């Protein structure tokens, strides 16, 4: 029987790299999807607004675990090979997109209406209004809650272990299966997650304080 | 039931492309629906218990975080940060596998409830702290002048108005916990998701099974939102009378 030693700890830290990779994939994909959803939510076209809010309602009303299973088995049905990284990346993207879309919609709506009117008067078209007037102001509002949400993304990558993707949680299970010291092993796993998430939490709080002070 | 064509594969026969077709088949529901009902019922029981207990833990910790002894305040701060910065899955593993390896054997359901309560408590603490801090000192001085005792002041002057202010955040956290309870399937607490895992390994209809479960979860979150809205109506009589939020 093995004991928890330096080798096992190194294995955990190496697996944490995959947690980071998966988080980055989810954040990048979620950012693209979320921006689209946020813009659709404030669009002038009613159908787009309805579609986007319907999507957000559905994703926010189902557990991420179920979305994960659906994309894993759904991709299988469509005839693709079952690659856990793809299924996990896809479902985390769908999930992050819905939440970021909702956060960013709030930020876009928080930009004062007079900004829209002023840019209208200057003869900017809709695209220019977004690119030069509205989004730059919305981004400043959006940064603190977005950093805060990144903590959720990092934590939720742990669910990818369920479909067999070897990231930090799965690595913890593997190490535990050979050492039979679940309390110590999972405490180490939790400590590594904490080391990843806590700086993000602190940053989110500091940014929030700064943006409050600026007002 | 309903049929759809999916990805067009590269053609193997010369005359027409091979089309992968998959027929969605929900016929297993005729036989398996009682299992889903039982799973959903256990999910409801698990989450109602964890939300109630978690709310109590969070409210007490929230009060301690604002009014408590500095040392206790620090301690609650630690608790909140540790729980909020680690995944629920790992917390569940620590409670179920970790505690049993230390000699404390708990059933999957009890472990699930403990992990969910501890998790819920941390999030509720942060939300309630924000609400409690928003109650101005003069409110408590006024309560003193009216001769309310300490308990009455805390309940009527601090907690209820604080809760009224943070109620939307609180209820969406409750709904998130209900959804997160699906994770307890990983220690084989026989709730809705675990039922789905079981049924899909019986029927090999994985995609259909998870579609059914997704719809059930959607219905549950709608039900919970409705219930919390109704509870809000009962709890916040002042708001019902005046129709405005507290400022």
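The values are calculated or read from the model by the stated rules, or taken from the named source; none is laboratory data. Since we're looking at a predicted model, the values are computed, not measured. In this analysis, Cβ positions are derived from the backbone assuming ideal geometry, glycine residues included, and neighbour counts consider all displayed protein chains.
Surrounded by fewer than 18 Cβ atoms within 10 Å (Cβ to Cβ), assigned to a helix (DSSP H, G or I) and in contact with a helix residue (DSSP H, G or I) (Cβ under 8 Å, 6 or more places away or on another chain), is that true of residue A:85? Even if it seems obvious, please write down each step before you answer.
On the way: surrounded by fewer than 18 Cβ atoms within 10 Å (Cβ to Cβ): yes; assigned to a helix (DSSP H, G or I): yes; in contact with a helix residue (DSSP H, G or I) (Cβ under 8 Å, 6 or more places away or on another chain): yes.
Here the answer is yes, as residue A:85 does meet what is asked.
Got at least one residue in segment A:100-113 being part of a helix (DSSP H, G or I), surrounded by fewer than 15 Cβ atoms within 10 Å (Cβ to Cβ), touching a residue at least 12 places away in the same chain (Cβ under 8 Å) and in contact with a helix residue (DSSP H, G or I) (Cβ under 6 Å, 6 or more places away or on another chain)?
yes
Any residue in segment A:119-126 that is in contact (Cβ under 8 Å) with a residue 40 or more places away in the chain, surrounded by 15 or more Cβ atoms within 10 Å (Cβ to Cβ) and touching a helix residue (DSSP H, G or I) at 6+ places or on another chain (Cβ under 9 Å)?
Applying the first criterion (in contact (Cβ under 8 Å) with a residue 40 or more places away in the chain) to segment A:119-126 yields none.
No, segment A:119-126 contains no residue that is in contact (Cβ under 8 Å) with a residue 40 or more places away in the chain, surrounded by 15 or more Cβ atoms within 10 Å (Cβ to Cβ) and touching a helix residue (DSSP H, G or I) at 6+ places or on another chain (Cβ under 9 Å).
Going through segment A:17-28 one residue at a time, which ones are within 16 Å of residue A:170 (Cβ to Cβ) and surrounded by fewer than 19 Cβ atoms within 10 Å (Cβ to Cβ)?
A:17, A:20, A:21, listed by residue number.
What is the residue count in segment A:33-56 for residues that are part of a helix (DSSP H, G or I) and either surrounded by 14 or more Cβ atoms within 10 Å (Cβ to Cβ) or in contact with a helix residue (DSSP H, G or I) (Cβ under 7 Å, 6 or more places away or on another chain) (or both)?
So in segment A:33-56, the residues part of a helix (DSSP H, G or I) come out as A:33-41, A:46-56.
Next, from what is left, pick out any that are either surrounded by 14 or more Cβ atoms within 10 Å (Cβ to Cβ) or in contact with a helix residue (DSSP H, G or I) (Cβ under 7 Å, 6 or more places away or on another chain) (or both): A:33-41, A:48-49, A:51-53, A:55-56.
Total meeting the criteria: 16.
Applying the selection to segment B:174-196, what residues are modelled with pLDDT of 90 or more, over 28 Å from residue B:226 (Cα atoms) and more than 8 Å from chain A (Cβ to nearest Cβ)?
B:187
To keep it simple, each residue is scored yes or no on (1) under 24 Å from residue B:180 (Cβ atoms); (2) surrounded by fewer than 20 Cβ atoms within 10 Å (Cβ to Cβ); (3) more than 17 Å from the chain's Cα centre (by Cα).
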{"position": "A:137", "(1), (2), (3)": "no, yes, yes"}
{"position": "A:140", "(1), (2), (3)": "no, yes, yes"}
{"position": "A:169", "(1), (2), (3)": "yes, no, yes"}
{"position": "A:172", "(1), (2), (3)": "yes, no, yes"}
{"position": "A:193", "(1), (2), (3)": "yes, no, no"}
{"position": "A:200", "(1), (2), (3)": "yes, yes, no"}
{"position": "A:207", "(1), (2), (3)": "no, yes, yes"}
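Answer with yes or no whether residue A:68 is in contact (Cβ under 8 Å) with a residue 40 or more places away in the chain, under 30 Å from residue B:203 (Cα atoms) and either within 14 Å of chain B (Cβ to nearest Cβ) or buried (at least 21 other Cβ atoms within 10 Å of the Cβ) (or both).
Numbers: in contact (Cβ under 8 Å) with a residue 40 or more places away in the chain: yes; under 30 Å from residue B:203 (Cα atoms): yes; either within 14 Å of chain B (Cβ to nearest Cβ) or buried (at least 21 other Cβ atoms within 10 Å of the Cβ) (or both): yes.
Here the answer is yes, as residue A:68 does meet what is asked.
Scanning for something surrounded by fewer than 14 Cβ atoms within 10 Å (Cβ to Cβ), at pLDDT below 85 and in a strand (DSSP E or B), does segment B:7-18 turn up at least one residue?
Start the filter on segment B:7-18 by keeping residues that are surrounded by fewer than 14 Cβ atoms within 10 Å (Cβ to Cβ), which leaves B:7-18.
When the remaining residues are screened for being at pLDDT below 85, the result is B:7-18.
From what's left, in a strand (DSSP E or B): B:7-8.
Yes, because at least one residue in segment B:7-18 is surrounded by fewer than 14 Cβ atoms within 10 Å (Cβ to Cβ), at pLDDT below 85 and in a strand (DSSP E or B).
Between B:230, B:169, which is within 13 Å of the chain's Cα centre (by Cα) and more than 18 Å from residue B:92 (Cα to Cα)? Full working, then the answer.
Numbers: B:230 fails: within 13 Å of the chain's Cα centre (by Cα).
None of the others qualify; the one that does is B:169.
Which of the residues that make up segment A:174-183 are part of a helix (DSSP H, G or I), surrounded by fewer than 22 Cβ atoms within 10 Å (Cβ to Cβ) and within 8 Å of chain B (Cβ to nearest Cβ)?
If we filter segment A:174-183 for residues that are part of a helix (DSSP H, G or I), which is where we start, we get A:174-179, A:182-183.
Now drop any that are not surrounded by fewer than 22 Cβ atoms within 10 Å (Cβ to Cβ), which leaves A:174, A:177-179, A:183.
Selection gives A:183 alone.
Here's a check for you: in segment B:197-210, which residue that is buried (at least 19 other Cβ atoms within 10 Å of the Cβ) and touching a residue at least 60 places away in the same chain (Cβ under 8 Å) is farthest from the other protein chains (Cβ to nearest Cβ)?
Only one residue tops the list, namely B:199.
Test residue A:162 against the stated conditions and say whether it is within 8 Å of chain B (Cβ to nearest Cβ), at pLDDT 95 or above and either within 30 Å of residue A:104 (Cβ to Cβ) or assigned to a helix (DSSP H, G or I) (or both).
Numbers: within 8 Å of chain B (Cβ to nearest Cβ): yes; at pLDDT 95 or above: no; either within 30 Å of residue A:104 (Cβ to Cβ) or assigned to a helix (DSSP H, G or I) (or both): yes.
The answer is no for residue A:162.
Considering every residue within segment B:142-153, establish whether at least one is over 27 Å from residue A:63 (Cα atoms), at pLDDT below 95 and crowded, with 17+ Cβ neighbours inside 10 Å.
yes
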